[in-house]
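Take a look at the structure below.
The values are calculated or read from the model by the stated rules, or taken from the named source; none is laboratory data. This structure is a prediction, so every number in the text was calculated from the model and none was measured. Because the Cβ atoms are built from the backbone with ideal geometry, glycine has one as well, and the counts that use them run over all protein chains shown.
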Amino acid sequence: MSDATGAPTLRGAAVGRSIGIGLMYGLWKPRVLGAWRVPAAGPVILAVNHSHNIDGPMLMGTAPRPVHFLIKKEAFVGPLDPFLHGIGQIEVDRSVVDRTAITHALGVLADGGVLGIFPEGTRGEGDFASLRAGLAYFAVRGGAPIVPVAVLGSTERRGRLIRGLPPLRSRVDVVFGDAFDASGGDGRRTRGALDEATLRIQAKLTAHLESAKRLTGR
């Protein structure tokens, strides 16, 4: 849910986590590896590869803490609009510099919460090949460590009942990596500094994804 200013609340994200746990473990068989790597308290950013629509809900149901995701405004349609806002998710207009979304995301970090980001910007190959500078901005500006997350298995096969979803009761792996600091340690927030941070982040995320694939055999 949101507060009087429209900002997402921890209570709302906690409700979303409860729903995610029920749905994801009820419909599939998540195998969660390395969840202990997520800091138990304080601001943190979960950077997730994105190849299927269930990746976000899967992480909401398997992460050890409630997550506020930045989600494209196109998803906030019909009954999903009040529902997504109600479970503490952040609507973002990707066609402009969405200052409201930026304020809400930074507010989550300032309050010591967990911000979930798909750094590729949209659903794709899920290989972190194309990163946007937004992740670096939030990490540097919010002073939050980044935990890379690989969701594997959501696109391997199609279900028989619902072709757009993985087969029911199939295994989906969620692998959390080591937290790292994206800043250069000099406190700079210039465009150049963010570009450098983005390159560091991309190297870390790509390395984690490859490690997760070896670990899971995916």
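Please verify whether GLY107 is farther than 26 Å from LEU199 by Cβ, modelled with pLDDT of 90 or more and surrounded by 15 or more Cβ atoms within 10 Å (Cβ to Cβ), treating the condition exactly as stated.
Here the answer is yes, as GLY107 does meet what is asked.
Could you list, in sequence order, all residues of the stretch 165-183 that are of a type in the set (Asp, Glu) and part of a strand (DSSP E or B)? Even if it seems obvious, please write down each step before you answer.
Just the residues of the stretch 165-183 that are of a type in the set (Asp, Glu), to begin with: 173, 178, 181.
The answer is ASP173, and nothing else.
Would you please name the residue that is modelled with the lowest pLDDT, looking only at residues in the stretch 54-101 that are touching a Pro at 6+ places or on another chain (Cβ under 8 Å) and assigned to a loop (DSSP other than H, G, I, E, B)?
ILE54
If ALA150 satisfies all but one of (1) among the small types (Gly, Ala, Ser); (2) in a loop (DSSP other than H, G, I, E, B); (3) closer than 24 Å to ASN53 by Cβ; (4) at pLDDT 80 or above, what's the number of the condition it fails?
(2)
Of the conditions (1) at pLDDT 95 or above; (2) small (Gly, Ala, Ser); (3) in a loop (DSSP other than H, G, I, E, B), SER51 fails just one. Which one is it?
(1)
Give all pairs with beta carbons closer than 6 Å in which a residue from the stretch 142-153 that is touching a residue at least 60 places away in the same chain (Cβ under 8 Å) meets a residue that is aromatic (Phe, Trp, Tyr) and buried (at least 23 other Cβ atoms within 10 Å of the Cβ); count only pairs at least 6 apart in sequence or on separate chains.
VAL147/PHE176; VAL149/PHE176
Tell me, which residue of the stretch 188-218 that is buried (at least 16 other Cβ atoms within 10 Å of the Cβ) and among the aliphatic types (A, V, I, L, M) is modelled with the lowest pLDDT?
Within the stretch 188-218, the match that is modelled with the lowest pLDDT is ALA193.
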